[in-house]
2 protein chains.
Amino acid sequence: MAHPSTKIIPPLTDELDIVIPTIRNLDFLEQWRPFFEHYHLIIVQDGDPTKKIRVPDGFDYELYNRNDVNKILGPKASCISFKDSACRCFGFLVSKKKYIFTIDDDCFVAKDPTGKEINALAQHITNLLTPSTPDFFNTLYDPYRDGADFVRGYPFSLREGVPTAISHGLWLNIPDYDAPTQLVKPRERNTSSNRYVDAVMTIPKRTLFPMCGMNLGFNRELIGPAMYFGLMGDGQPIGRYDDMWAGWCCKVICDHLGLGVKTGLPYLWHSKASNPFVNLKKEYKGIYWQEDIIPFFQAVVLPKECTTVQKCYIELSKQVKEKLGPMDNYFETLADAMVTWIEAWDEINAQPKAGSQPTTPPLKKEKSEEPKPK
Amino acid sequence: MAHPSTKIIPPLTDELDIVIPTIRNLDFLEQWRPFFEHYHLIIVQDGDPTKKIRVPDGFDYELYNRNDVNKILGPKASCISFKDSACRCFGFLVSKKKYIFTIDDDCFVAKDPTGKEINALAQHITNLLTPSTPDFFNTLYDPYRDGADFVRGYPFSLREGVPTAISHGLWLNIPDYDAPTQLVKPRERNTSSNRYVDAVMTIPKRTLFPMCGMNLGFNRELIGPAMYFGLMGDGQPIGRYDDMWAGWCCKVICDHLGLGVKTGLPYLWHSKASNPFVNLKKEYKGIYWQEDIIPFFQAVVLPKECTTVQKCYIELSKQVKEKLGPMDNYFETLADAMVTWIEAWDEINAQPKAGSQPTTPPLKKEKSEEPKPK
């Protein structure tokens, strides 16, 4: 492989949090135990805060329900969605780690074509610790992979790559389709024998992609403040576009700041398709609006003065209000929530850095006492 | 799969020519016989025109040596490289078919991970007959493939795709590395068990890629006049950048005209690495110059008036002369050759269209009588 500028030292157990949004007992963790047991989990409980979520024994976790979110953020809690997996971004906000892996609770360990169980987290870590190559396309895929390299004609000046901010993983079994496609193809399944693509690649600069939040790793220090999942679910006119919104915002900011986004491996096993009729209702406005949202993001230009993720994000919120606001009031509300999110991020993350990495953020004291973290 | 706007009717035996540049007997065709025998071959003999090239029995072909090139093009033959595989583009020029597949004579039939022989030509045809999606990235790769589709969040207005102009295939065994990488990694091999990536994808708009001419299909009607392999080899200061040059030019023109470029499958088996020391000498200036050439192509803007490939290409030649000429006189000569190429293309392809597709172009009468085409 080409020599990455970053030295690889997985598995980063002290530098990565696993964020899981859920409304149910986390029995799915049993299957992930060999891969997750040495990591800290941040569980964001959606829906009824009085419900007790059971976490299998032996996991190190903290759990936040809606009451915790309200207590910790006060009035700024309005930027965190309720009754939607978009609430996961609260976990990104309160983490104090450098890296995040987030996964849905209906996702299990997939097997590669040889039948071997895939350690999705390890692959995300590898993706995040090796550079990206957004400025020129390498036809043999990720040049930093073992046994791979840059092909003839790849400019040498670009072979250092850029830091990787996001690692987007894929899904076997149930593909991540929208409601119309689900309705048309209710039985389409991706298996490791028919649809396993053994590749990681950088999404080129100035190209948008549909980012799915089911199986996602990112460098929180590089892109965290842009990983906001918007206003979805309860009280909002839209759902199932939380990760898409985050993806569009993150991609234009990564492009502006010279950061990379990778997609491909790892796969995980997505166990069940959500109800397409319910999804259609949630998605309807998103499907309609995205025809204007995509051209908006394709045309976004961030000024040179935007040198941090926060500055980029605030600038983006202004452009959202100005350009998308006229389409629907929702985008004015969303633009305000984007600002609130950044204020919340800065407030929660402005703790004095006693050591280089505080392991116990003060605010965790306020979190729900039930169930007891181990 | 998503429904392509183009109906698929392989194998197009009457609409596709296979172009092979060579300096030796074409025994490699024996292995390709089951896949190529129903197609017409255009063989461009490089080097000594008095040498007889043997073609295995049973193939339908025409063969052009340097004397033929000179006879057919007259003074315009100066745009066709000599002693370099760049001469292959002469075959593109004299073909009268809609599609071209071009392959090097050291490339053999590869096997997929199940051990099945890969029909590279059939895969190129499939790639060319299904649309491309350069405007937005589909994380599950080619949405037109059987069992695949567009993922959630892919704008519906972009799901028709655009016509595919180019299908770029890959290589097992010897990867297409530059001389420095060959020298550093003399033993790196790609096998179907370690480096087979089962994917076809569109190279996004405004992203350049290193196009290799070893295993390449294209729609000659859509992009043919831009598929010029430049001035390389004998009498030129550079080699092994013929396909790269064509790739850069084609990509910016495809982007401008709304055409697609795909890469990935099919693989073929590249049998031997060329001498890295010889390659280093050939490549040296290309490696150096490309650091300026790539930014040039990344910044190229073609005016709206350029509505045909020819107009785009002439405009590009002007920009090459103006922007790259100051770097080295070579680019002024190359820019002139680009114009000569278009003049030759238009002259050779301006034959009156009696039927919709003349099967025997008049100029073929002038081709070498030895060896006898079957």
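The values are calculated or read from the model by the stated rules, or taken from the named source; none is laboratory data. All values derive from a computational prediction rather than experimental measurement. FYI the Cβ positions are ideal-geometry reconstructions off the backbone, even for glycines, and counts take in every protein chain you see. Heads up: the accessible areas ignore ligands, DNA and RNA and are worked out on the full protein's heavy atoms, side chains in. Shrake-Rupley method; radii C 1.70, N 1.55, O 1.52, S 1.80 Å.
Data table
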| quantity | calculated |
| --- | --- |
| Label distances, nm, B:Asn329 versus same residue in remaining copies, Cβ-directed 7 Å point | 7.3 |
| Positive-pole candidate from A:Val309, A:Ala273, A:Pro131, dipole of segment A:105-350, charges at beta carbon | A:Ala273 |
| Area buried, chain B against chain A - accessible surface, total, 1.4 angstrom probe, square angstrom | 5200 |
| Semi-axis lengths (Å, descending) of the ellipsoid that matches the C-alpha gyration tensor of segment A:1-125 | 28, 18, 12 |
| A:Arg33, A:Arg159, ranked by accessible area, largest first (probe 1.4 Å) | A:Arg33, A:Arg159 |
| Relative contact order computed over segment B:105-350 (Cα-Cα under 8 Å; 6+ residues apart), in percent | 25 |
| Accessible area (Å², per residue) of segment A:93-158, counting only protein heavy atoms and a probe of 1.4 Å | 27 |
| Estimated inter-spin distance, B:Ala122 and A:Lys71, nm [label 7 Å along Cα→Cβ] | 6.5 |
| Quotient of Cα Rg and 2.2 N^0.38 Å for the protein assembly as shown, N being how many residues it contains | 1.02 |
| Table column - 3J(HN,Hα) (Hz), segment B:21-36, Karplus curve with 6.51, -1.76, 1.60, x for Gly and Pro | x, 7, 10, 9, 4, 9, 4, 4, 5, 3, 5, 8, 3, x, 9, 9 |
| Centre separation in Å (Cα based) which lies between segment A:213-291 and segment A:69-140 | 11 |
| Listed residues A:Pro34, A:Pro210, A:Ile223: farthest to the positive end of the dipole of chain A (Cβ charges) | A:Pro34 |
| Unmatched cysteines, chain A - criterion: no other Cβ of a Cys under 4.7 angstrom | A:Cys79, A:Cys87, A:Cys89, A:Cys107, A:Cys212, A:Cys249, A:Cys250, A:Cys254 |
| Inter-site label distance for B:Thr307 and A:Leu280 at 7 Å from Cα along Cβ, in nm | 4.2 |
| Sequence-distant residues sharing a close amide H with A:Asp60 (under 5 Å, placed H) | A:Leu41 |
| Under 5 Å, built H, 5+ apart or other chain: amide partners of B:Ile23 | B:Asp46 |
| Once the Cα gyration tensor of segment B:142-278 is diagonalised, semi-axes √(5λ) in Å | 29, 21, 11 |
| Fluctuation leader among A:Pro180, A:Pro49, A:Pro34 - chain A, Gaussian network, Cα springs under 10 angstrom | A:Pro34 |
| Cross-link pairs A:Lys318/B:Lys304; A:Lys262/A:Lys304; B:Lys76/B:Lys97; A:Lys76/A:Lys98; B:Lys52/B:Lys96 - those with Cα-Cα distance over 27 Å | A:Lys318/B:Lys304 |
| Cα gyration tensor, chain A - rounded (a/c under 1.5), prolate or oblate | rounded |
| Charge dipole magnitude, Cβ of K and R +1, D and E -1 - chain A, Cα centre, debye nearest 20 | 180 |
| Lys, Arg +1 and Asp, Glu -1 on Cβ, resulting dipole of the protein assembly as shown about Cα centre, debye, nearest 20 | 280 |
| Solvent-accessible surface (1.4 angstrom probe) belonging to B:Glu283, in square angstrom, nearest 10 | 0 |
| Residues in segment A:83-125 reached by a label modelled at B:Ser193 [backbone nitrogen below 19 Å; 7 Å Cα→Cβ] | A:112-117 |
| For B:Ser271, label point 7 Å along C-beta direction: distances to other copies, nm | 5.3 |
| Threshold 40 Å², segment B:125-144 residues less accessible with all protein chains present than alone (1.4 Å probe) | B:Phe136, B:Phe137, B:Thr139, B:Leu140, B:Tyr141 |
| FRET efficiency estimate (nearest 0.05) - Cβ-Cβ, B:Arg206 to A:Glu30, R0 56 angstrom | 0.75 |
| Using θ = phi - 60° and Karplus 6.51 cos²θ - 1.76 cosθ + 1.60, couplings along segment A:78-90 (whole Hz; Gly, Pro as x) | 4, 7, 9, 5, 10, 6, 6, 5, 4, 4, 4, 5, 4 |
| Accessible area per residue, Å², segment B:230-341 with all protein chains present, probe 1.4 Å | 40 |
| DSSP bridge orientation in chain A - percent antiparallel, rounded to nearest 5 | 40 |
| Among B:Trp248, A:Gly239, B:Asn190 the positive-end extreme of the charge dipole of the protein assembly as shown (Cβ point charges) | B:Asn190 |
| Hull-based mean projected area of segment A:241-318, where the convex hull spans the alpha carbons, in square nanometres | 6.8 |
| Residues with amide H under 5 Å from that of B:Thr164, placed H, sequence gap 5 or more | B:Ser132, B:Gly260 |
| Under Karplus coefficients 6.51, -1.76 and 1.60, residue-wise ³J(HN,Hα) of segment B:228-242 in Hz, glycine/proline x | 9, 9, x, 9, 9, x, 3, x, 10, x, 8, x, 6, 10, 5 |
| Heavy atoms of B:Val301 accessible to a 1.4 Å probe, total area in Å² rounded to 10 | 110 |
| Charged-residue dipole, Cβ positions (Lys, Arg, Asp, Glu), segment A:181-252 about Cα centre, Debye nearest 20 | 300 |
| Most mobile of A:Ile253, A:Ile53, A:Ile294 in a GNM of chain A (Cα contacts under 10 Å) | A:Ile294 |
| Helix-only [θ]222 nm of chain B, DSSP H runs n ≥ 4, -39500 (n - 2.57) each, per residue, nearest 500 | -9000 deg cm²/dmol |
| Net charge over other residues, Cβ less than 12 angstrom from the Cβ of A:Val309 (K, R count +1; D, E count -1) | -1 |
